[in-house]
1. Among 135-144, 221-230, how do they line up from the highest to the lowest mean number of other beta-carbon atoms within 10 Å?
2. Computed over the Cα atoms of the stretch 199-353, what is the convex hull's projected area averaged over all directions, in nm²?
3. How big is the stretch 1-145 by the Kirkwood estimate over distinct Cα pairs, in Å?
4. Working out 0.36 nm times the residue gap between Ala347 and Val53, then minus their Cα-Cα distance, what length gain in nm do you get to one decimal?
5. Write down, largest first, the equivalent ellipsoid semi-axes of the stretch 239-304 in whole Å, where each equals the square root of 5 times an eigenvalue of the alpha-carbon gyration tensor.
6. Mean-square fluctuation check for the chain, GNM, Cα pairs under 10 Å: which of Arg325, Arg64, Arg20 is largest?
7. Check each of the trypsin sites (Lys or Arg not before Pro) in the stretch 246-328 and keep only those in coil by DSSP with at most 13 other C-beta atoms within 10 angstrom; list them in order.
8. Over all distinct Cα pairs, what is the inverse of the mean 1/r for the stretch 263-351, reported as the Kirkwood hydrodynamic radius in Å?
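Here, each number is a calculation from the coordinates, and none is a lab measurement. Fair warning: this is a prediction, and the values are worked out from it, not measured in the lab. For neighbour counting, all protein chains shown are included, and Cβ atoms are generated from backbone atoms with ideal geometry for every residue, glycine included.
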Amino acid sequence: MLQRHDIARDGAARFGAGLRHHVAEAVAELGARRALVLSTPRQSDLALDVATVLGPLAAGVFSRAVMHTPVEVTQDALDHARELRADCVVAIGGGSTIGLGKALAYHAGFAQVAIPTTYAGSEATPILGQTESGEKTTLSDPRVLPGRVLYDPELIVALPVEISVTSGLNAMAHAAEALYAPDRTAATDAAALAAFQAFAQGLPQVVQDPADLHARGATQRGAWGAGRVLGQVGMALHHKLCHVLGGSFGLPHAQTHAVILPHAIAYNAQSAAVALRPLAHALGGDAPGAALYDFARSLGAPTALRDVGLREADLPRAAALATARPYPNPHPITEAGLLTLLRAAWAGEAPAF
Ligand code: NAD
């Protein structure tokens, strides 16, 4: 077991190798007595381990979390939680499982402990995305924020390298877009840059040695920081494009972020060069989009939309959908501009800026 002084704290977050063994403490700190443990089917063994550690504080396990929080799954989990008289959820997994925990907290007021095993950062935001009949909607409500977040680097060593890279680039995307958000502050700028740097340094170490607990811990701190800024400032072009490509063309979440990020940042560097310069410097380059492209490639991330399932014929519709409704963005959004961006991203070309 960890000693108290081995556990670092930042708001609701706790950091430390072996922290999953302290989950009962976290549940008790929130004043809860009967926790329903949540996971995806793939991580059900982990959920059972957590239930064992919880002992009498475990009410049961629900291992059917899936991507994008469909309302039918939330309803099933809610019914199960009520049957078991649960007053708390412990979500162990990535953004999909944590999204289910947030949905249960939103609908039933349960206390929430999150134990993240990816870098997506949902555990740090008051944002809840839900899908109903194929339509994704998002809401922001402080009640969905987990009361405790336990970052245990020993858990994330199991995250396969390819997913570690794309998930890390997903977190870097939150930090990158925070730097030119209209509602940013000096504090969000500093937090975003620190999170970005944590991944710029830590991800290559993770690729080299996925079991490096120091690099895993540093990148988890980056995930918390990037998630926090995502919850504090508005996102722009990059997130809009990923939302369109995921929502309307079924592209995979983290891989799409990895491909789009260099291109969206290059597009916006045309108008936000000063805000984005620190990103390029963190990666040892001059042009932020080009530096991100080189970084992603060096880590073996996908760099072309055609490799993650988009057809060339879909590019004009994607550009039209991403310009259908206006939103704040540093560089003017035009359908022609986005089509050029998407063509380059589809072919896997390096951006110029
Ligand atoms: P995910 O949770 O869907 O996980 C992907 C797969 O990897 C799952 O099968 C999962 O069980 C498995 N997995 C996770 N961690 C693992 C580990 N350590 N070892 C082995 N396998 C592991 O993917 P994600 O990228 O973490 O989350 C994506 C979802 O989160 C999307 O629905 C996205 O919209 C949402 N999200 C929401 C917010 C928010 O603020 N609301 C922020 C970021 C992401």
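1. Values: 135-144: 11.8, 221-230: 27.0.
With the highest mean Cβ count within 10 Å placed first, the list reads 221-230, 135-144.
2. Working: hull surface 35.7 nm².
Projected over every direction and averaged, the Cα hull of the stretch 199-353 covers 8.9 nm².
3. Values: mean 1/r = 0.0666 Å⁻¹.
For the stretch 1-145, the Kirkwood estimate is 15.0 Å.
4. Numbers: separation 294, 0.36 × 294 = 105.84 nm, distance 4.83 nm.
Residue separation times 0.36 nm, minus the Cα-Cα distance, leaves 101.0 nm.
5. Numbers: eigenvalues 98, 42, 9 Å².
Here the semi-axes work out to 22, 15, 7 Å.
6. Comparing Arg325, Arg64, Arg20 in a Gaussian network model of the chain, the most mobile one is Arg325.
7. Of the trypsin sites (Lys or Arg not before Pro), the ones in loops of the stretch 246-328 whose Cβ has at most 13 other Cβ atoms within 10 Å are Arg311.
8. Details: mean 1/r = 0.0727 Å⁻¹.
Answer for the stretch 263-351: a Kirkwood hydrodynamic radius of 13.8 Å.
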